[in-house]
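Read the structure below first, then the notes.
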Amino acid sequence: MKGFYTLQDLPTADVEKLVARALHLRAGASARRFDGKALGILFFNPSLRTQASFQRAAGKLGLDLVQLQSGGNGVWGIECEDGAVMDAGNAEHVREAAAVLGRFVDVLAVRAFAGIQSLDRDLRDALMNGFRTHAGVPVVNMESALWHPCQALADWATMELFEVPKRAKFVLTWAWHPKPLPHAVPNSTLCMATQRGMDVVLLRPEGYDLHESILAEARALAQANGGTLTITSDREVALKDASIVYAKSWASLGCWGKPEAETAQRANLRDWCVDASWMRRTDHARFMHCLPVRRNVVVADEVLDGPWSVVIDQAENRLHAQTALLESQFASLERKSQIRAKSPVPLELPQ
Ligand code: CP
């Protein structure tokens, strides 16, 4: 089952087709309808944009929507480790939960963040991969421990909307935040911009590198698509001539699962807040952030409310990008079922 796990799983030409379709939908084109088909959306973590935009996309496509939330009176706590002795909090294993949901819906979308307790578990993307393995239907990643591909698709569409050239300078910068945050957004952002063939700069203080496997993937994408990847902690060099400043905070790999160590490490990094002085060093750059964002912590009011910010268009594009994505997923299922219907099936009648 194909589904949608990372953006870079798709050939660049296919991403470009989805982006073009998203922008047609944004301009008022009608989506195809798949009446009688069902989409499940299952959230293990909070969401505003993803939840609302998937609901709205399902409506545009004529889909039945099965919406599930963990916690409180939501779905049972789900175990994803094989061989686990389930005598603690989790009442159900992903093997059953995924397989059962796969009998109710045609496509299942899941949000399951990194726990930031065990790096091994987060690098395995254990819960998301449990659903991908056992659902028996295509699974769409609505943000996992490692990736946020729907955000990346919308971000690519946003740069097309604002006619940002392919070889423009794209700066992904770390920002201070009171809490250690997962790597899904920066991982996907780095790979999206390198796959788009941009001159990408990863700007971060010492101690805030992304995982080596992600950097290797981004380097390969840059090479394959005619772009570059530079890593620096020099703000002046990074911002010079930049067309995009994309801010995000993320946890230190060296402090994974140790929040007190992380707090101490970032104590002197509060000036990593994007303000107008950053933006004035660029070449009239657009400011991007996936949202939600902490004002005057990650980014100053003057940037979010100023001429640089495109964050609201960026968020709107989640709807159009996901409508395009789901349309292609359901169209692909439809083609497969037509192929099956055409192949001769031995008819067994009761005697
Ligand atoms: N950017 C994003 O995924 O927003 P939500 O967490 O609100 O869905």
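For this structure, a couple of remarks:
- Matching entry among 102, 89, 36 (being free of Cβ contacts under 8 Å to residues at least 24 places away in the same chain and away from the ligand (no atom under 16 Å from the Cβ)): 89
- Filtered residue count, the stretch 116-159, keeping only those that are of a type in the set (A, V, I, L, M) and either open to solvent by 50 Å² or more (accessible area, probe 1.4 Å) or at pLDDT below 95 (or both): 2
- Unmet criterion (only one of (1) under 25 Å from residue 113 (Cα atoms); (2) touching a residue at least 40 places away in the same chain (Cβ under 8 Å); (3) away from the ligand (no atom under 16 Å from the Cβ)) for residue 188: (3)
- Check on residue 293, open to solvent by 20 Å² or more (accessible area, probe 1.4 Å) and at negative phi: yes
- For residue 12: the one exception among (1) within 16 Å of the ligand (Cβ to nearest atom); (2) more than 15 Å from residue 327 (Cα to Cα); (3) hydroxyl-bearing (Ser, Thr, Tyr): (1)
- Of all residues making up the stretch 3-46, the number that are open to solvent by 60 Å² or more (accessible area, probe 1.4 Å), touching a helix residue (DSSP H, G or I) at 6+ places or on another chain (Cβ under 7 Å) and in a loop (DSSP other than H, G, I, E, B): 2
- Restricting attention to the stretch 93-115, the residues that are among the acidic types (Asp, Glu) and open to solvent by less than 50 Å² (accessible area, probe 1.4 Å) total 1.
- Filtering the stretch 114-128 to residues that are more than 16 Å from residue 214 (Cβ to Cβ) and aliphatic (A, V, I, L, M) leaves 126, 127.
- Single condition residue 214 does not satisfy, out of (1) within 16 Å of the ligand (Cβ to nearest atom); (2) assigned to a helix (DSSP H, G or I): (1)
- Any hit, the stretch 269-278, residues being surrounded by 19 or more Cβ atoms within 10 Å (Cβ to Cβ), modelled with pLDDT of 95 or more and within 16 Å of the ligand (Cβ to nearest atom): no
- Set 170, 162: member being in contact (Cβ under 8 Å) with a residue 12 or more places away in the chain and either within 16 Å of the ligand (Cβ to nearest atom) or surrounded by fewer than 24 Cβ atoms within 10 Å (Cβ to Cβ) (or both): 162
- Within the stretch 195-210, one or more residues are in a helix (DSSP H, G or I) and open to solvent by less than 60 Å² (accessible area, probe 1.4 Å).
- Where a residue in the stretch 43-66 is free of Cβ contacts under 8 Å to residues at least 60 places away in the same chain and its partner, wherever it lies, is more than 9 Å from the ligand (Cβ to nearest atom) and polar (S, T, N, Q), with Cβ under 9 Å and at least six apart: 51/67; 51/69; 55/67; 65/55
The values are calculated or read from the model by the stated rules, or taken from the named source; none is laboratory data. Keep in mind that this is a model prediction, so the values were computed, not measured. Because the Cβ atoms are built from the backbone with ideal geometry, glycine has one as well, and the counts that use them run over all protein chains shown. Only protein heavy atoms, including side chains, enter the accessible area calculation; ligands, DNA and RNA are left aside. Shrake-Rupley method; radii C 1.70, N 1.55, O 1.52, S 1.80 Å.
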